[in-house]
Amino acid sequence: MAIIKHLIVDEFGTHVGKHSERLQVTRIGSGEKLLEAPLLHLETVLISGRGISLSADVVEACAERGIPLHFVDGRGNLSASLYSAGLTGTVQTRRA
């Protein structure tokens, strides 16, 4: 499995879920697994475009590990970002 530091999800009709200690990107409807990214190495998650869903488990897992979630529109304009409220400096120290 490749080391993924920056997960970018930009395909309409996909879902980001959590399975064990990995984020999985699957195609809605068929359930086809498109990608797995271990949470251990992940630094950011970028959701780009419409028609992409993600589970609350993904939000919680990213918040616990200090992994920011960014949402951008089809033109690359930032719509929103989610950061952990309590892990600002700790994560940088732990990852160093």
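The values are calculated or read from the model by the stated rules, or taken from the named source; none is laboratory data. Bear in mind the structure is a predicted one, so any value in this text is a computation, not a measurement. Every residue, glycine as well, gets a Cβ built from its backbone with ideal geometry; the counts of neighbours run over all protein chains shown.
Quick notes on this one:
- Considering region 1-69, the qualifying strands (runs of 3 or more DSSP E), each wholly inside and each with 2 or more residues that are within 19 Å of Leu82 (Cβ to Cβ) and out of contact with any Lys or Arg (no Cβ under 7 Å at 6 or more places or on another chain), run over 6-9, 14-19, 22-27, 44-48, 52-54.
- A count restricted to region 4-23 and to residues that are in contact with a Leu (Cβ under 7 Å, 6 or more places away or on another chain) and of a type in the set (S, T, N, Q) stands at 1.
- Residues satisfying the stated conditions in region 1-42, i.e. polar (S, T, N, Q) and under 13 Å from the mean Cα position of the chain (by Cα): Thr14, Gln24, Thr26
- The sole residue among Val72, Val45 that is over 11 Å from the mean Cα position of the chain (by Cα), modelled with pLDDT of 95 or more and surrounded by 17 or more Cβ atoms within 10 Å (Cβ to Cβ) is Val72.
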